[in-house]
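Bear in mind that the values in this text are calculations on the coordinates, not laboratory data. Quick caveat: nothing in here was measured; it's all calculated off a predicted structure. When we count neighbours, we look across all protein chains shown, and the Cβ atoms used for this are built from the backbone with ideal geometry, even at glycine.
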Amino acid sequence: MTEKLTDLPQWKALEAHHAEFDKVNLRELFDTDPGRAERYFAQAGDLSVDYSKHLVSDETLRLLLDLAKARGVFELRDRMFAGEKVNLTEDRAVLHVALRAPATERIEVDGEDVVPAVHEVLHRMSAFASRVRSGEWTGATGKRIKTVVNIGIGGSDLGPAMAYEALRAYTKRDMQFRFVSNVDGADLYEATQDLDPEETLFVVSSKTFTTVETITNATSAKKWLLAGLGGDEAAIAKHFVAVSTNDKAVAEFGIDTENMFGFWDWVGGRYSYDSAIGLSLMIAIGPERFEEMLGGFHTVDQHFRTAPAERNLPLLMGLIGLWYRDFWDAQTLAVLPYSHYLSKFTAYLQQLDMESNGKSTRRDGEPVEWETGPIVWGTPGTNGQHAYYQLIHQGTALIPADFIGFDRAIEGTDPFGQQDALMANFFAQTEALAFGKTREQVQAEGVPAAQVPHRTFRGNHPTTTLTAPRLTPSVLGQLVALYEHKVFVQGAVWDIDSFDQWGVELGKVLAKKIEPELSSGGELHHDSSTNAAIERYRGDRAAK
Ligand SMILES: O=P(O)(O)OC[C@H]1O[C@H](O)[C@H](O)[C@@H](O)[C@@H]1O
């Protein structure tokens with residue numbers, strides 16, 4: 001059994017340090033340390049991270065690194081990269097890093113090198129994506145495919161949907177791409193109501209191929225297609241492909257396993273969009289761009305694996321996040337991308353982070369006695385500035401925030417030159433959050449006395465400034481890998497299994513039980529609140 005985190009001398013040292021540090025503010029830290037911005041800066045690939053606007057000192061960082069060392073974070077990292085079964089509760093290896101390993105690398109699971117199989121699937125995906133893009137692959141009536149509809153949920157939706165949006169500027173513009181996830185029939189309805197079945201390809205993405213939402217939507221999509229194509233079952237082979245680890249279930253569903261792209265149980269759903277789960281994305285951006293993206297992931301994998309602790313970005317970001325979560329009681333992390341293309345990035349991170357580290361049981365089964373994963377939230381700047389930034393600036397909660405921005409717009413996407421207006425806000429917000437505006441400054445502006453307290457900004461709000469030259473497929477891969485490994489670092493220190501997700505099961509099981517009850521009218525055996533709610537639903541349902 002590993003030693004309890006809060007009993008470690010390194011933890012206690014951080015507690016004592018926090019008690020002292022509590023009184024320090026960012027203004028002072030910058031005033032007394034001119035080298036701060038230069039020192040608290042690190043790079044990985046194209047990503048530059050300035051972490052100087054955090055409530056940390058050299059001593060904080062030293063203590064946090066000591067804690068990571070005491071917790072064996074790098075040992076666990078090496079075991080993950082070596083294909084050991086670090087997902088304890090599911091007894092599985094955790095090898096999303098193998099999905100972007102070059103063909104020359106060797107990574108073994110149970111004595112077998114998995115890299116050749118990864119590249120074999122990538123080749124099949126590339127061949128298929130190229131055929132769809134060129135029009136060589138046609139629908140059953142010989143028409144070329146104009147729309148690809150990805151059906152999946154969770155990791156089988158958020159990743160490809162986020163990356164499609166992020167890389168939209170690189171997509172094949174004469175095709176359309178849609179992502180259907182919700183079991184609410186409106187999702188599939190809206191995605192298909194203006195489509196021609198003859199020109200539509202469904203990519204059914206599900207690691208398990210048992211997820212109710214996905215199977216329900218895929219079954220309905222099949223009905224929609226058959227209704228549109230005169231009921232010809234043979235048409236399915238030209239309009240449905242599957243991405244899954246479960247060939248048996250794919251075949252049972254009626255998709256030829258010839259048209260299936262596989263992956264492996266050592267790829268977690270939320271770590272999977274660089275596997276075959278990215279097929280719809282690959283059709284959208286083309287195999288070469290997809291490969292560039294994988295290269296970006298690999299760059300940061302290598303960084304995480306080899307960069308010294310003091311410069312290791314996933315390690316630093318993980319530890320700084322933990323500092324706020326455990327010692328400052330910050331409950332949330334805002335992730336604020338200043339790029340419209342990253343509009344789904346934070347939603348994607350919510351699954352990555354919250355499904356990984358939203359745990360309260362240690363790896364040995366005992367309850368944790370410290371805080372674990374934060375609530376991750378946020379939307380692209382500048383929109384959030386006109387909505388909820390008020391609370392970040394002047395509310396009572398401490399909300400550390402990651403600001404993500406780019407030096408240049410993607411070529412051709414800013415024809416009227418608005419990038420400076422966007423990035424001026426990016427820089428302004430982190431400056432305002434850190435340094436605020438003192439009472440004296442407000443008074444000196446001649447503000448009426450009664451308004452002074454309301455117009456004062458206490459500042460001292462910590463932010464990370466993460467920038468890259470431009471949002472490219474490679475940079476997107478780098479960003480995602482950075483957050484993947486950051487989440488890993490935190491889970492390792494917190495001593496939780498970041499790679500299972502038992503917390504999603506209970507609701508699924510209950511929904512299965514309740515669904516037939518909604519139409520049956522039989523006696524209900526839930527609590528009184530649930531019984532009454534179902535009765536009301538039954539009444540309204542019958543009235544329609
Ligand atoms: O890909 P699938 O097997 O359909 O799973 C889809 C999603 O649903 C599950 O409930 C898990 O919580 C997610 O981690 C997973 O990504």
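Mind ranking 405-415, 369-379 by how tightly packed they are, going by the mean number of other C-beta atoms within 10 angstrom, highest first?
369-379, 405-415
Between their Cα atoms, which of LYS222/LYS513; LYS222/LYS512; LYS12/LYS344; LYS207/LYS238; LYS248/LYS344 are more than 30 Å away from each other?
Check vs 30 Å cut-off fails for LYS12/LYS344; LYS248/LYS344.
If the cut-off is a Cα-Cα distance under 20 Å, which lysines reach LYS359, setting aside same-chain residues fewer than 8 apart in sequence?
Qualifying lysines at Cα under 20 Å: LYS4, LYS85, LYS486, LYS508.
Once the Cα atoms of segment 487-532 are picked out, what are the Rg and Dmax in Å?
17.5, 50
ALA444 to GLU431: extension gain in nm, 0.36 nm per residue of separation minus the Cα-Cα distance?
Length gained between ALA444 and GLU431: 2.7 nm.
If all Cα-Cα distances of segment 312-445 are sorted into 5 Å bins from 0 onward, what percent lands in each bin, rounded to whole numbers?
All Cα pairs considered, the percentages come to 2, 8, 15, 19, 19, 14, 10, 7, 4, 2, 1, 0.
At R0 = 25 Å, how high is the FRET efficiency between LYS248 and ARG131 if r is their beta carbon distance? Nearest 0.05 is fine.
Result of the calculation: an efficiency of 0.45.
Based on Cα coordinates alone, diagonalise the gyration tensor for segment 450-517, multiply each eigenvalue by 5, take square roots, and list the semi-axes in whole Å, largest first.
Listed largest to smallest, the semi-axes of segment 450-517 are 37, 26, 17 Å.
From the Cα gyration tensor of segment 426-485, with a ≥ b ≥ c the square roots of its eigenvalues, which class applies: rounded if a/c is under 1.5, or else prolate if a/b is larger than b/c, or else oblate?
It is prolate, given that a/c is not under 1.5 and a/b is the larger ratio.
Report the label-to-label distance for GLU535 and ARG455 in nanometres (one decimal), using points 7 Å from each Cα along the Cα→Cβ vector.
5.8
From the mean inverse distance of alpha carbon pairs (Kirkwood) and the Cα radius of gyration, derive Rg over Rh for segment 12-110.
1.12
Which of the three applies to segment 141-197, rounded, prolate or oblate, going by the alpha-carbon gyration tensor with a ≥ b ≥ c and a/c under 1.5 meaning rounded?
Oblate, since a/c reaches 1.5 and b/c is not below a/b.
Whole number please: convex hull volume per residue, Cα atoms of segment 85-198, in Å³.
Taking the convex hull of the Cα positions in segment 85-198, it is 156 Å³ per residue.
Where the centre of each part is set by its Cα atoms, how far does segment 61-115 sit from segment 182-261, in angstrom?
So the separation of the two Cα centres works out to 35 Å.
Would you mind estimating how fast the chain diffuses translationally, via Stokes-Einstein at 37 °C and 0.692 mPa s with the Kirkwood radius over Cα pairs, in µm²/s?
130
Relative contact order, percent, of the chain when contacts are C-alpha pairs under 8 Å separated by at least 6 residues?
19
Would you mind checking the radius of gyration and Dmax of segment 169-260 based on alpha-carbon positions, in Å?
So, for segment 169-260, Rg and Dmax equal 13.0, 37 Å respectively.
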